[in-house]
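Notes follow once the structure below has been shown.
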Amino acid sequence: MNVATRHRAAEVGETVLELRNVETFYGPIQALRGVSLEVPKGRIVTILGANGAGKTTLMKTVSGVMDPEKGEVLLEGERISGMDPDAVVKRGVAHVPEGREVFPFLTVEENLRMGAFTRSDTAGIADDLALVYDYFPILAERKGQPAGTLSGGQQQMLAIGRGLMTRPKVMLLDEPSLGLSPILVKEIFAIIRRLNREQGVTMMLVEQNANVALRVAHKGYVLELGRIVMAGDAEKLLASADIQEFYLGHQAGDQQRGQKRWKRRKTWR
Ligand code: ATP
């Protein structure tokens, strides 16, 4: 691949983010074991997995918070693994971390403007601020309020809004449903879907809530003990017996057969 093609912006449907055989460790503990995946432009790709599967490590490896020991992370063909997190943000990866991490003593608007710290296009920043307020009207109502006074759901909206202010090529969303009521989860996911459909925002979404994630995503990967054990179109994953049993809590077939299947040692199909 020559330099011109390496740095060409991806078209809708082409791979914007790619992981190739990524292995990440915490000292001697290996958290990612040869993870390869692709996120196409304009799509939502979800990463499912139980506690400790390696989802957060995966996000941190993409955003540059952690460096992989092996393998590489590519953004539009350019290697970003090994870069500092701020360089990764500048190249177009916005990380909306688990637990939101808004600045509690800054106002809502100051938090949003912090998201644009890498940019100098004043008019563009104003447009994006208006866009965020359009999608999250509650943030406009509360723009002068310290972020620490917002509810959990509003802080999640603010964290997503701050991510949008970077004008990302890909947005990493780590467990946006965490700790929120079912009504708020529905509301936030409806906005995530609209941002993708109307603004073409590409997203990599980590979720334990497979049900909501697979309904909003185009494609999914299942991570278990640091390995991808299943991948495919979200619709197919949602219909798969394995996902039904292990992530959505349904058992296939009649009760007796279902129980047998449940007890059997898992083999991913
Ligand atoms: P959760 O849904 O609980 O956040 P996860 O899928 O995001 O889980 P990770 O947090 O990525 O999983 O953890 C992957 C593995 O790495 C686990 O075995 C975990 O115990 C281990 N791990 C995570 N953070 C550390 C750390 N700071 N030091 C050592 N091991 C860690």
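Do we have residue 32 as within 11 Å of the ligand (Cβ to nearest atom), modelled with pLDDT of 95 or more and within 17 Å of the chain's Cα centre (by Cα) here? Spelling it out, residue 32 is indeed within 11 Å of the ligand (Cβ to nearest atom), modelled with pLDDT of 95 or more and within 17 Å of the chain's Cα centre (by Cα). For segment 145-159, filtering for residues that are free of Cβ contacts under 8 Å to residues at least 40 places away in the same chain and under 23 Å from residue 62 (Cβ atoms) leaves 1.
Confirm whether residue 195 is assigned to a helix (DSSP H, G or I) and of a type outside the set (Ser, Thr, Tyr).
Yes: the conditions hold for residue 195.
Any idea which of 161, 179 is part of a helix (DSSP H, G or I) and either of a type in the set (A, V, I, L, M, F, W, C) or over 27 Å from residue 34 (Cα atoms) (or both)?
Numbers: 179 fails: part of a helix (DSSP H, G or I).
Within the list 161, 179, the selection yields 161.
A single member of 162, 113, 142, 119 is touching a Gly at 6+ places or on another chain (Cβ under 8 Å), in contact (Cβ under 8 Å) with a residue 12 or more places away in the chain and charged (D, E, K, R), and it is 162.
Only residues that are surrounded by fewer than 16 Cβ atoms within 10 Å (Cβ to Cβ) and within 16 Å of the ligand (Cβ to nearest atom): list them for segment 35-61, please. Write out each step before concluding.
Filtering segment 35-61 for residues surrounded by fewer than 16 Cβ atoms within 10 Å (Cβ to Cβ) gives 36, 50-52.
Passing the criteria: 50, 51, 52.
Note on segment 62-85: residues that are within 15 Å of the ligand (Cβ to nearest atom), of a type outside the set (Asp, Glu) and more than 13 Å from residue 204 (Cα to Cα) total 3. Every condition in (1) part of a loop (DSSP other than H, G, I, E, B); (2) free of Cβ contacts under 8 Å to residues at least 40 places away in the same chain; (3) out of contact with any Pro (no Cβ under 8 Å at 6 or more places or on another chain) holds for residue 42 except the one numbered (2).
Residue by residue, here is whether (1) surrounded by fewer than 16 Cβ atoms within 10 Å (Cβ to Cβ); (2) within 16 Å of the ligand (Cβ to nearest atom); (3) not hydroxyl-bearing (Ser, Thr, Tyr) holds:
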{"site": "166", "(1), (2), (3)": "no, no, no"}
{"site": "175", "(1), (2), (3)": "no, yes, yes"}
{"site": "189", "(1), (2), (3)": "no, no, yes"}
{"site": "200", "(1), (2), (3)": "yes, no, yes"}
{"site": "207", "(1), (2), (3)": "no, yes, yes"}
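Answer yes if at least one residue in segment 95-113 is out of contact with any Phe, Trp or Tyr (no Cβ under 8 Å at 6 or more places or on another chain), more than 25 Å from residue 157 (Cβ to Cβ) and basic (Lys, Arg), and no otherwise. No, the conditions are met nowhere in segment 95-113.
Among the conditions (1) touching a strand residue (DSSP E or B) at 6+ places or on another chain (Cβ under 9 Å); (2) more than 30 Å from residue 147 (Cα to Cα); (3) of a type outside the set (A, V, I, L, M, F, W, C); (4) within 14 Å of the ligand (Cβ to nearest atom), residue 97 misses just one, which is (2). For segment 208-225, indicate whether the set of residues that are at pLDDT below 90 and part of a loop (DSSP other than H, G, I, E, B) is non-empty. For segment 208-225, residues at pLDDT below 90 and part of a loop (DSSP other than H, G, I, E, B): present.
Total residues in segment 65-88 satisfying the condition of being farther than 16 Å from residue 172 by Cβ, in contact (Cβ under 8 Å) with a residue 60 or more places away in the chain and not charged (D, E, K, R): the figure is 1.
The values are calculated or read from the model by the stated rules, or taken from the named source; none is laboratory data. These numbers come from a predicted model, not from an experiment. A quick note on method: Cβ atoms are made from the backbone with ideal geometry, for glycine too, and the neighbour counts reach across all protein chains shown.
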